[in-house]
Each structure stands twice: as C-alpha cells, then as structure tokens.
Amino acid sequence: MPELHQLLMFIAAGWLLNLTPGPDVLYIVTNALRSGSRAGIVAGLGITAGCFVHIFAAAAGVGALMATSATAFTVLKWMGAAYLVWMGVRMLLSKPCADGGSTAALVAAQAAPAPHTPLRKVFLGGFWTNVLNPKVAIFFLAFVPQFIAPGTDNKALAFVLLGVLFNVNAIPVNVGWALAASWMARRATVIQRGMHWLDWVAGAMFIGFGLKLAFTDQPAA
C-alpha cells in the first residue's frame, strides 16, 4: 500500500475524477431530477457495482487483455457504444405528457425512469452503463498502478484494495450529485414543467458519449 501522503493524494484525485461530468454523472442526475434522490442514489449504487466488476477483472488480467487485444477491446467498445446510443435514441423519441413530464421510462435499462419504474431497473441501468464501457477498465489499469509501490509483494491484492477504496470514495460524490439534482427538481418549477427537455438534452448527450466511445482507439499496450 502507498504511504500516507500518497494515499491522501489518491483519495483526492479520485474525488476530483468522480466530480467530472460524464455518462455516469448524467445517469445519476437524470434519474434524480425525474424520480427523486432515492432513484439517483440507487443509480449511483448501480454504477458503483459496475466499477467493482472492472476492478476485479482488471486485477485478474482481463483489463490487460483488452489493452493488448484489439478484438477484445473492439467487441466491448461497440457493445458499450451501442448501449449508450440506444439509451439516447429512446430518450429523444420520448413524448411529453400534458404535465410536462415524459411518457418514456428510459435511461439505461429503461432510460430515465418514471416514478413507478422499479428501482431494480434503475440499478441495473447504472450497472450495465458502467460494465459495458471498456474505458473504465482501461482507466483503472492506467490510474491505480501509479500508487502501488514497485516493491509491493502482492500487486494484484494492492490493486484490488486501492480500486475498492476508489470506488467506496466515489459513493458520497454520487450521492451528492443525486441530492443536488433532487433539490433542484423540487425547487425549480421550470425544470418540473419541462422534463421532456431533459430527456432530449440527456438523450443527445448519451448519443454523443456513445459515438465518442465508438471512435475511441485501442490504448497502446
């Protein structure tokens, strides 16, 4: 494990990275705005669960395989890109209700779900959004090893422990995004009356994330 100052630097860097807007943050915020803080928090937990898959897979060498195998990286890359674009298209095609809401239960498994949508679908949506993004695995392979001392006996165990720490530290950030978005939704009448605009904007952004992922080159080994 790294020394205390390196560990603190690792935690700080993780928080800054998790505060950066991306598909995960957009998923959390969209669900929280539409269905409340509980849905946003559940969305964040789904994303966290997906990160655990990448952490243990990378420690087992799957991430290294994707970094060196063009086929493995390409297959997962196109699966993730197709999933993001599918979510975006579903959201763009949603129709506004009379009260300004949306009839589509979308974002991830059902994309930005309506209040009656089971939280299990919200969780699974966040989970698969993360699992099907090979850039997350590559990120862990590139970021975490920097904080593992060269003389560490069990580097795989150190990788898992740091990865778990990174993931656990992301939970309060994700909860913060969910609570902030829910607070906005409760107090911003304009947002409540025009939720279909959120569908369209978020849908376009998801498509953009998907296309960006589709054109991402395989990282150099």
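The values are calculated or read from the model by the stated rules, or taken from the named source; none is laboratory data. The structure displayed is predicted, hence computed values, not measured ones.
Of note:
- Count of the range 20-41 residues which are under 16 Å from the mean Cα position of the chain (by Cα) and outside any helix (DSSP H, G or I): 3
So that you can scan it fast, the table gives a plain yes or no per residue for (1) under 18 Å from residue 179 (Cα atoms); (2) charged (D, E, K, R); (3) part of a helix (DSSP H, G or I); (4) at pLDDT 85 or above:
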| residue | (1), (2), (3), (4) |
| --- | --- |
| 12 | no, no, yes, no |
| 18 | yes, no, yes, no |
| 46 | yes, no, yes, yes |
| 49 | no, no, yes, yes |
| 52 | no, no, yes, yes |
| 64 | no, no, yes, no |
| 78 | no, no, yes, no |
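- Taking the criterion of being within 11 Å of residue 11 (Cα to Cα) and either over 17 Å from the mean Cα position of the chain (by Cα) or acidic (Asp, Glu) (or both), the only residue of the range 157-177 that qualifies is 162.
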